[in-house]
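The values are calculated or read from the model by the stated rules, or taken from the named source; none is laboratory data. Treat the numbers as computed from the prediction; the structure is a model and nothing was measured. Cβ: placed from backbone, ideal geometry, glycine included. Neighbour counts: every protein chain shown.
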Amino acid sequence: MQDLKILHDAILNGDAKTAKAATEQALAAGVEPMKLVQEYMMPAMDEVGRRFECSEYFVPELLLSARAMKAALALIRPLLTATGAQPTGRVALGTVKGDLHDIGKNLVAAMLEGGGYEVIDLGVNVTPEQFVAAVKEKGANIVAMSALLTTTMPSMKTTIEALKQSGVREKVKVIIGGAPITQKYADEIGADGFSESAAGAVTAAKKAMTA
Ligand code: B12
C-alpha cells in the first residue's frame with residue numbers, strides 16, 4: 001500500500017488532485033476513513049496553520065490547502081454517514097457570523113449524521129437570526145455552532161441571547177466548537193455542550209440531550 005504521508009503532504013502543498021487520488025487508494029486498500037482524517041489530514045491542516053502563523057504561508061496557500069482537504073473529505077464524508085436509521089435529533093449547524101471556515105463544521109456534520117442526527121447545514125457566516133429561524137421554522141432541537149476566529153467567538157454568545165429573546169432557548173440544546181473554543185468559554189456563555197473534535201460532537205450532543 002502507498003505511504004499515507006502522500007496524503008498529508010498533498011494537503012500541506014495544496015495539491016487537490018494528489019490528495020483525492022491518495023484518499024481513493026487508501027480507502028480502496030481498506031484504511032479506516034477516520035484514521036485518514038485524524039492521523040494525516042488534520043495534522044496537515046495544523047501544519048498549514050502553523051506555517052501561516054509564522055508567515056511561511058499566506059492566504060492563497062491556505063485556500064489551496066483547504067481545497068485539497070475538501071477534495072479528500074468529499075470522498076470520506078459519505079462513509080461516515082449512517083443510512084436508514086430514525087434520526088435521534090435535528091441539529092441546526094453553522095459557522096457563526098463573520099466566519100467563513102467550514103472544514104471543521106463539515107466534519108462535524110458528517111459525524112453527527114453518522115451518529116444518527118438529522119443535520120440542517122446552515123453554512124457559513126450564519127447570523128443569530130438564522131439560527132433562531134432554524135429552531136422556529138425547522139424544528140431543530142439542537143443548535144451547533146462553529147467558530148475558528150477569536151473575533152467571531154462572541155457571535156456564539158449573541159446567538160444564545162437571541163434564542164433567549166425569541167423564547168426558544170428552553171426548547172433547544174446548544175453545543176459549540178472550533179479551534180479557539182474551550183469548555184471554559186462554553187460555560188461562560190451558557191452553552192450546554194462543547195467538544196474539541198468532530199467525533200466528540202456526537203457525545204456532546206447526546207450528553208446535552210439527556211442532561
Ligand atoms: C483553512 C484555513 C482558512 C481557510 C478556510 C477555508 C474553509 N473553507 O474552511 C481560509 C483561507 C478561507 C481562511 C481565512 C482566514 N483565516 Co484561517 N485558517 C485556516 C486553518 C489553516 C485551518 C482550519 C481548518 O480547516 N482546520 C481543520 C479542521 C478540521 O479543524 P477545526 O476547524 O478546528 O475543526 C475541528 C474542531 O475544532 C471541532 N469543531 C469545529 N467546529 C465545531 C463545532 C462543534 C459544535 C463542535 C462540537 C466541534 C467543532 O471539530 C473539528 C474536527 O475535529 C486555520 C489554522 C488551524 N490550525 O486551525 C487558520 C486560522 C483559523 N485562520 C486564521 C485567520 C487569521 C484567517 C483570516 C482572518 C486570514 C486573513 N488575513 O484573511 C481569514 C478569515 C476569513 C473569515 N472571515 O473567516 C487564524 C485565526 C486566528 C485567531 N485566533 O483568530 C488561524 C488559527 C491561523 C493562524 N494560526 O493564524 N482560513
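Laid out as a table, the results:
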read-out	value
Segment 178-211: number of residues that are charged (D, E, K, R) and either away from the ligand (no atom under 12 Å from the Cβ) or assigned to a strand (DSSP E or B) (or both)	3
Segment 180-211: number of residues that are in contact (Cβ under 8 Å) with a residue 60 or more places away in the chain, within 26 Å of Gly49 (Cα to Cα) and crowded, with 19+ Cβ neighbours inside 10 Å	3
Candidates Asp99, Asp121 - the one that is modelled with pLDDT of 95 or more, touching a helix residue (DSSP H, G or I) at 6+ places or on another chain (Cβ under 6 Å), acidic (Asp, Glu) and farther than 14 Å from Ile175 by Cβ	Asp121
Cβ-Cβ under 8 Å pairs, at least 6 apart or on other chains, segment 54-73 side closer than 11 Å to Leu12 by Cβ and in contact (Cβ under 8 Å) with a residue 12 or more places away in the chain, far side part of a helix (DSSP H, G or I) and within 8 Å of the ligand (Cβ to nearest atom)	Glu61/Val48; Glu61/Phe52; Ser65/Met45; Ser65/Val48; Met69/Met41; Met69/Met45; Met69/Ile103
Filter result (closer than 18 Å to Leu107 by Cα and either within 8 Å of the ligand (Cβ to nearest atom) or assigned to a helix (DSSP H, G or I) (or both)) within segment 25-34	Leu27, Pro33, Met34
Residue match in segment 130-139 (condition: of a type in the set (Val, Ile, Thr), under 30 Å from Leu75 (Cβ atoms) and touching a helix residue (DSSP H, G or I) at 6+ places or on another chain (Cβ under 6 Å))	no
Matching residues in segment 165-177 - criterion: being within 15 Å of the ligand (Cβ to nearest atom) and out of contact with any Asp or Glu (no Cβ under 8 Å at 6 or more places or on another chain)	Val172, Ile176
Some residue of segment 156-163 being surrounded by 20 or more Cβ atoms within 10 Å (Cβ to Cβ), in contact with a Phe, Trp or Tyr (Cβ under 6 Å, 6 or more places away or on another chain) and of a type outside the set (Gly, Ala, Ser)	yes
Residue that is within 12 Å of the ligand (Cβ to nearest atom) and buried (at least 19 other Cβ atoms within 10 Å of the Cβ), where the choices are Val91, Val59	Val91
Scan of segment 35-59 for residues that are among the polar types (S, T, N, Q) and in a helix (DSSP H, G or I), ordered by number	Gln38
Hits in segment 96-133 (condition: crowded, with 21+ Cβ neighbours inside 10 Å and in a strand (DSSP E or B))	Val96, Val119, Leu122, Val126
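Residues are listed down the side, and each one gets a yes or a no for (1) more than 9 Å from the ligand (Cβ to nearest atom); (2) free of Cβ contacts under 8 Å to residues at least 12 places away in the same chain; (3) at positive phi:
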{"position": "Thr95", "(1), (2), (3)": "no, no, no"}
{"position": "Lys105", "(1), (2), (3)": "no, no, no"}
{"position": "Gly116", "(1), (2), (3)": "yes, no, yes"}
{"position": "Val124", "(1), (2), (3)": "no, no, no"}
{"position": "Thr127", "(1), (2), (3)": "yes, no, no"}
{"position": "Gly139", "(1), (2), (3)": "yes, no, yes"}
{"position": "Met153", "(1), (2), (3)": "no, no, no"}
{"position": "Thr158", "(1), (2), (3)": "yes, no, no"}
{"position": "Leu163", "(1), (2), (3)": "yes, no, no"}
